[in-house]
Amino acid sequence: MKDDDGLNESFFLEALVDTTDAIFTAVREDGTLVWVNSAFSRVTGFSKEEAVGRKIWEFRCPVDLEEGERHFQQASSARDGRRFESRWLTRDGRTLDLSWSTRSLPNPDGSLHLRIGTAIDVTAERQTERRAKYLDDLLDRSMDAIILISAERNIIYCNRSACDLYRMGRDEMLGKPNEMFIPESEAERMMKFGAEIRKDRKPVEIETWRRRGDGVLVPIHLRVTPLIDEDGSISAFASVSFDISDRLALEERERQAMSRARLLADLVESLSDPVFHIRTDGTIGYVNSACAQVYGYTPEEMLDKSSSMLRPDDKVALVSKYVREVLASSDPLVLETEALHKDGTRIPVELRSKSLRDQNGELLGLGSVVRDLTMQKELEAELRRAADTDALTGLANRHHFGRVADVEVRRAARYRHGLAVIACDIDHFKGVNDTYGHAGGDRALVAFAQAASACMRRPIDLLGRVGGEEFAVLLPETDLSGAVRVAERIRAAIERVQVNHDGQEFGLTVSLGVSLFRDGETSLEAALKRADDALYLAKNKGRNRVESARE
């Protein structure tokens with residue numbers, strides 16, 4: 001009866017171990033498996049017959065085999081309980097993360113009899129953590145500044161770009177009330193803004209001011225998205241902000257793995273810039289909804305497609321070289337290139353990319369944040385035009401006129417082409433200002449510019465304002481007689497001008513001096529001096545006339 005009870009007890013214990021979801025193993029001192037429970041087969045896919053007799057470390061991922069053997073030997077010599085995690089490869093090729101607890105079972109003489117191990121599958125938890133880290137890394141390379149604000153209006157996360165924008169460290173911001181950035185002048189307005197968000201429960205945008213940590217006020221564009229939990233309550237607010245002249249970045253921090261991954265995904269979706277994950281084979285593994293505004297495709301149309309669909313054929317080599325450099329670098333790299341819209345148009349963009357790797361260093365591809373540079377390029381072109389243009393008349397300013405003159409002088413000297421210059425000065429302009437005021441004088445200058453511009457017959461001819469009422473004309477590939485004809489056209493056109501100001505009407509005349517650039521000269525300075533001398537001769541002869549310099 002006693003034997004039967006022992007047999008029944010052994011059978012009961014073995015059945016109990018076989019019903020648990022935890023893996024149980026018994027291993028000899030040399031690492032050979034002598035027994036596994038049913039959970040071992042359910043989790044790994046290997047039957048007991050396939051497992052028993054093999055070394056336990058042989059089930060690890062190939063890259064971890066050597067480490068696994070060394071780890072087992074260290075654990076066996078320690079003889080005490082140990083806890084650790086290891087990565088195993090299932091029979092069908094999947095990777096498992098197993099959390100182990102082991103103890104030694106000694107013989108009566110104290111020698112090691114068996115090493116007993118139990119393990120639970122923590123793969124789902126580790127995948128969630130890796131996904132959260134991936135999203136965190138991806139957001140940390142965004143150019144928008146992100147602050148995550150709790151329902152109680154305290155800052156629970158801020159990214160690197162937010163620290164840069166507000167000139168504060170993370171430790172200085174976390175846990176502090178968001179109101180510390182709001183200047184007193186914006187307090188009432190932002191209170192109404194917050195009430196609107198809570199009422200409509202939708203993303204809202206506003207242009208406002210923020211006080212940085214150093215006390216300086218900066219203008220920002222702000223987008224706030226309420227984050228709704230499963231109960232339908234607002235759990236937090238995602239604040240996406242960037243300097244109106246230079247957009248910053250976004251990221252999320254300090255949440256539990258599952259909720260943090262969800263919040264970070266929501267933050268990525270609120271970005272105004274497209275965010276991509278490009279796999280190692282060049283296909284698109286992830287893209288946020290902002291891609292539709294830049295590329296014209298929905299995320300569904302892009303996922304799993306080749307990223308080459310987003311660039312013109314003549315940019316493929318450039319971007320391929322850039323991708324190789326990104327994958328070989330540990331730092332983010334930036335490239336200005338052109339993207340291809342769904343309708344075939346080309347868009348200037350800036351790519352900011354970094355290689356993405358898991359915690360074991362395995363390459364996952366690259367993460368990219370794309371900025372549409374269309375407005376920036378248009379602004380740069382406008383700024384260049386503003387830098388070269390006289391604000392009142394719209395003509396070339398003195399600086400631009402001088403640059404073009406330097407180019408034309410070198411061209412004329414090299415090819416021995418003619419180059420003429422005309423100096424123009426509105427007659428009795430001081431009297432116009434004295435009689436009609438500066439506003440009347442400005443109208444006269446604009447009227448002169450419009451009439452004289454109409455006399456320019458070729459695109460290469462340049463009319464510029466080089467002083468208050470002083471103008472100059474540059475005429476490439478023109479001889480003296482041709483320049484005199486242009487000057488006469490200008491003089492006659494100005495003589496017909498009638499300026500209307502405050503109900504009064506007055507006319508204008510202009511005196512002009514013509515000169516040529518000479519062989520051996522290295523700048524237009526001497527020619528301009530001769531044209532000025534001829535202009536003053538015209539004034540001395542009664543004004544409203546053209547005089548030529550003595551060549």
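The values are calculated or read from the model by the stated rules, or taken from the named source; none is laboratory data. All values reported here derive from a predicted model rather than from experimental measurement. Don't worry about glycine lacking a Cβ; one is built from the backbone with ideal geometry, like all the others, and counts go over all protein chains shown.
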Which residues, taken from the stretch 193-213, are small (Gly, Ala, Ser) and surrounded by 13 or more Cβ atoms within 10 Å (Cβ to Cβ)? Gly194, Gly213
Go over the candidates Val404, Val369, Val334 one by one and state the one that is among the β-branched types (Val, Ile, Thr) and not assigned by TED's automatic domain parsing to the domain that holds Gly282. Val404
Only one of Phe24, Phe40 that is on the phi < 0 side of the Ramachandran plot, at pLDDT 55 or above and in a helix (DSSP H, G or I): Phe40
Does the stretch 55-95 hold any residues that are among the acidic types (Asp, Glu) and either at pLDDT 85 or above or assigned to a strand (DSSP E or B) (or both), and which are they? Glu58, Glu85, Asp92
Tell me, please, whether a residue that is farther than 30 Å from Ala526 by Cα, of a type in the set (Gly, Ala, Ser), surrounded by 19 or more Cβ atoms within 10 Å (Cβ to Cβ) and touching a Gly at 6+ places or on another chain (Cβ under 9 Å) can be found in the stretch 399-413. no
Among the listed residues Glu525, Glu470, Glu477, Glu521, identify the single one that is within 50 Å of the chain's Cα centre (by Cα), touching a residue at least 12 places away in the same chain (Cβ under 8 Å), closer than 23 Å to Thr389 by Cα and surrounded by fewer than 20 Cβ atoms within 10 Å (Cβ to Cβ). Glu470
Scanning the stretch 287-307 for residues that are polar (S, T, N, Q), surrounded by 15 or more Cβ atoms within 10 Å (Cβ to Cβ) and touching a residue at least 24 places away in the same chain (Cβ under 8 Å) gives Ser307
All positions within the stretch 414-445 that are in contact (Cβ under 8 Å) with a residue 60 or more places away in the chain and over 18 Å from Leu474 (Cα atoms): Asp427, His428, Val432, Thr435, Tyr436, Ala439, Gly440, Ala444
Being free of Cβ contacts under 8 Å to residues at least 40 places away in the same chain and in contact with a Cys (Cβ under 8 Å, 6 or more places away or on another chain) is the filter here, so list the residues in the stretch 144-169 that pass it. Gly169
Here is a check on your reading of the model: is Arg458 closer than 30 Å to Thr522 by Cα and either of a type in the set (Lys, Arg) or modelled with pLDDT of 90 or more (or both)? yes
Quick check: anything in the stretch 362-384 surrounded by 12 or more Cβ atoms within 10 Å (Cβ to Cβ), modelled with pLDDT under 80, touching an Asp or Glu at 6+ places or on another chain (Cβ under 8 Å) and aliphatic (A, V, I, L, M)? yes
With the requirement that a residue be assigned to a helix (DSSP H, G or I) and either surrounded by 22 or more Cβ atoms within 10 Å (Cβ to Cβ) or within 57 Å of the chain's Cα centre (by Cα) (or both), what does the stretch 537-550 give you? Ala538
The condition of being in contact with a strand residue (DSSP E or B) (Cβ under 7 Å, 6 or more places away or on another chain), more than 17 Å from Arg28 (Cβ to Cβ) and of a type in the set (S, T, N, Q) holds, among Ser86, Ser104, only for Ser86
Of the residues Ser330, Ser320, which single one is out of contact with any Cys (no Cβ under 7 Å at 6 or more places or on another chain), in a helix (DSSP H, G or I) and surrounded by fewer than 14 Cβ atoms within 10 Å (Cβ to Cβ)? Ser320
Those residues of the stretch 129-183 that are charged (D, E, K, R), buried (at least 20 other Cβ atoms within 10 Å of the Cβ) and more than 18 Å from Pro226 (Cα to Cα) come to a total of 1
Between Gly68, Gly110, which is farther than 13 Å from Val27 by Cα, crowded, with 19+ Cβ neighbours inside 10 Å, free of Cβ contacts under 8 Å to residues at least 24 places away in the same chain and of a type outside the set (Ser, Thr, Tyr)? Gly68
Identify all residues within the stretch 395-413 that are among the aliphatic types (A, V, I, L, M) and either in contact (Cβ under 8 Å) with a residue 24 or more places away in the chain or touching an Asp or Glu at 6+ places or on another chain (Cβ under 6 Å) (or both); write none if there are none. Leu395, Ala396, Val404, Ala405, Val409, Ala412, Ala413
Among residues of the stretch 414-443, those that are exposed (fewer than 15 other Cβ atoms within 10 Å of the Cβ) and part of a helix (DSSP H, G or I), counted: 9
